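Notes follow the structure.
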Amino acid sequence: MAFPAVVTLQCAVQQYAWGRIGSDSAVATLSQSGSKTFEMKVDQPYAELWMGTHPKGPSSVSSSAHTGTLLSDWIAKQPECLGSKVRAKFGDQLPFLFKVLSVNKSLSIQAHPNKAHAEQLHAERPDKYPDPNHKPEMALALTPFEGMNGFRPVKQICAFLDMVPELRAVVGEEAASELKAALTASGGEGKTEECRAALRKCFSAIMTRDISEMTAQLDKLIKRLQAEEAAGKDLTQNNGALVLRLQGQFPGDVGCFVSYLFNHVILEPGQAMFLGPNEPHAYLSGNCMECMACSDNVVRAGLTPKFKDIPTLCDMLTYLPSTPAERVFPSRTDPSDPTLTIYDPPVPDFAVARIKVPAEQTSYTLRAEDSASIVIIIEGDGAVTHPSLGDGQSLLFCKGSVLFLSANQTLSFTLQSGLLAFRAFCPLD
């Protein structure tokens, strides 16, 4: 039986508690529009749409004579669809997992191990670390999107230690003084090895503080911030607003204090952030596209009821300070196609293209890549054609449609009202 080069996919929806509710969730609205079987319930959370072959949420083919076939089985029957470079690098497996995320409350404070560390953790504790792969990931904002990403500049952390007595009490006078001394010795730059070592000491002190001492200081902090808020003080500039929000979502959690150490990043639609190995982060709010290596390895340490591996997290982090602006990942417009914005992170597993075709344009040709692609339609409707579909045959698409395109194949779009889509692929040299 012939395999067409392009098929539509039925994709898994994950209803985690942190997801946005009903029609406020891009996951829900895209799924409702793009799937014949999805029924949105207005009072339920919809957190993630998974597009790929991961066994926890596998996609299946929903067009052609192969309807119902798992995408993993589809690929296994014709592995050449992945492209020769992908097969040489990753074997006969799709190397990435593509997602839509809709975040209503904070995800856990976490980091992802590098490849060697992932293999070690999986070998030692396979119940906690389910696979041996690394998990670099990238988030691309669909709406304004908030997250914590990486450590703040040391100068800013030292300022918080001076102005927030409860934070200083949890960090401890010795660690706080060491960080201030290291900052002074660096000439105010805060990027020396001594600053990183002192920053590690501060973070580890917070994470390992006796729970009763930590919660006592947090109670004092929350009461003080609530009083300041009631008096009309603007808490957005001193991290107080975020602390109160996190306390409301995870009462008594150490993550409230850790937020003073991490950058608070707000992405506008079209902006992205890359989360490399050993970098701490937590998504806070909004809708985004996410692409990652095909893995589920996470080391957590706060803002979660799940398993926390504090010693591993404290040991693995880079402790590299940066500004929020430095955490926005650069993109580039493709010089040969101005409708394409490319987000190409420093990993071989994936890249993402944002495709934005103006409303007055009625046709578009998606260029070939030498790897398989997954494409999701965010806005627009019409039809796609490809010779492998047969004479005069096409696939209709609309908002929420998801397409799988084999390697080295172009795809012709006929458009009714422009197009906004995202494409995940694997750009190997």
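Scan region 196-246 for residues that are of a type in the set (D, E, K, R) and open to solvent by less than 40 Å² (accessible area, probe 1.4 Å) and jot them down.
Just the residues of region 196-246 that are of a type in the set (D, E, K, R), to begin with: 196, 200-201, 209-210, 213, 219-220, 223-224, 228-229, 233-234, 245.
Answer for region 196-246, where residues must be of a type in the set (D, E, K, R) and open to solvent by less than 40 Å² (accessible area, probe 1.4 Å): just Glu228.
Would you check which residues across region 164-195 are over 21 Å from Val254 (Cβ atoms) and either open to solvent by less than 30 Å² (accessible area, probe 1.4 Å) or in contact with a Gly (Cβ under 9 Å, 6 or more places away or on another chain) (or both) and list them?
Filtering region 164-195 for residues over 21 Å from Val254 (Cβ atoms) gives 177, 180-195.
Answer for region 164-195, where residues must be over 21 Å from Val254 (Cβ atoms) and either open to solvent by less than 30 Å² (accessible area, probe 1.4 Å) or in contact with a Gly (Cβ under 9 Å, 6 or more places away or on another chain) (or both): Ala182, Leu183, Ser186, Gly188, Gly190, Cys195.
Sort out which residues of region 363-381 are open to solvent by 10 Å² or more (accessible area, probe 1.4 Å), free of Cβ contacts under 8 Å to residues at least 60 places away in the same chain and assigned to a strand (DSSP E or B), and write them in order of number.
Ser363, Tyr364, Thr365, Glu379
A quick yes/no check of all residues on (1) at positive phi; (2) hydroxyl-bearing (Ser, Thr, Tyr):
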site: Ser371; (1), (2): no, yes
site: Ile376; (1), (2): no, no
site: Glu379; (1), (2): no, no
site: Gly390; (1), (2): yes, no
site: Lys399; (1), (2): no, no
site: Ser412; (1), (2): no, yes
site: Gly418; (1), (2): yes, no
site: Arg423; (1), (2): no, no
site: Asp429; (1), (2): no, no
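Within region 114-132, identify whether any single residue is at pLDDT below 95, buried (at least 22 other Cβ atoms within 10 Å of the Cβ) and either of a type in the set (A, V, I, L, M) or assigned to a loop (DSSP other than H, G, I, E, B) (or both), and answer yes or no.
Within region 114-132, one or more residues are at pLDDT below 95, buried (at least 22 other Cβ atoms within 10 Å of the Cβ) and either of a type in the set (A, V, I, L, M) or assigned to a loop (DSSP other than H, G, I, E, B) (or both).
Restricting attention to region 382-397, and to residues there that are touching a Ser or Thr at 6+ places or on another chain (Cβ under 6 Å) and open to solvent by 30 Å² or more (accessible area, probe 1.4 Å), which single residue is farthest from Asn408 (Cα to Cα)?
The selected residue is Ser394.
I'm checking my understanding of the structure. Among residues of region 2-47 that are within 18 Å of the chain's Cα centre (by Cα) and among the polar types (S, T, N, Q), which one is surrounded by the fewest Cβ atoms within 10 Å (Cβ to Cβ)?
Gln15
Please state which one of Leu70, Leu82 is on the phi < 0 side of the Ramachandran plot and buried (at least 20 other Cβ atoms within 10 Å of the Cβ).
On the way: Leu70 fails: buried (at least 20 other Cβ atoms within 10 Å of the Cβ).
Just one listed residue meets the conditions, Leu82.
List the strands (runs of 3 or more DSSP E) inside region 262-329, counting only whole elements, that have at least 1 residues being open to solvent by 10 Å² or more (accessible area, probe 1.4 Å), of a type in the set (Ser, Thr, Tyr) and closer than 28 Å to Lys128 by Cα.
Numbers: elements: 262-267, 272-275, 281-293, 299-302.
Strands (runs of 3 or more DSSP E) meeting the threshold: 281-293.
Residues in region 332-341 that are under 17 Å from Glu268 (Cα atoms) and crowded, with 17+ Cβ neighbours inside 10 Å: how many?
Residues in region 332-341 being under 17 Å from Glu268 (Cα atoms) and crowded, with 17+ Cβ neighbours inside 10 Å: 1 in total.
Search region 330-362 for residues being assigned to a strand (DSSP E or B), under 17 Å from the mean Cα position of the chain (by Cα) and not aliphatic (A, V, I, L, M), and hand back the single one that is farthest from Phe274 (Cα to Cα). Steps first, please.
Quick first cut of region 330-362, residues assigned to a strand (DSSP E or B) only: 332-334, 337-343, 351-357.
Among the residues that remain, those that are also under 17 Å from the mean Cα position of the chain (by Cα) are: 342-343, 351-354.
Next, from what is left, pick out any that are not aliphatic (A, V, I, L, M): 343, 354.
Details: Tyr343: 9, Arg354: 15 Å.
Taking the candidates together, the pick is Arg354.
State whether one or more residues within region 169-179 are more than 26 Å from Thr312 (Cβ to Cβ), polar (S, T, N, Q) and assigned to a helix (DSSP H, G or I).
Yes, because at least one residue in region 169-179 is more than 26 Å from Thr312 (Cβ to Cβ), polar (S, T, N, Q) and assigned to a helix (DSSP H, G or I).
Enumerate the helices (runs of 4 or more DSSP H) found wholly within region 180-253, keeping only those where 2 or more residues are in contact (Cβ under 8 Å) with a residue 12 or more places away in the chain and over 20 Å from Leu107 (Cα atoms). Walk me through how you get there before you give the answer.
Numbers: elements: 193-208, 211-230, 240-249.
Passing ranges, in order: 193-208, 211-230.
The values are calculated or read from the model by the stated rules, or taken from the named source; none is laboratory data. Note that the coordinates shown come from a computational prediction; the quantities given were computed from them, not determined experimentally. Cβ atoms come from the backbone with ideal geometry, glycine included; neighbour counts cover every protein chain shown. When the accessible area is computed, the model is the full protein with side chains, heavy atoms only, and any ligands, DNA or RNA have been set aside. Shrake-Rupley method; radii C 1.70, N 1.55, O 1.52, S 1.80 Å.
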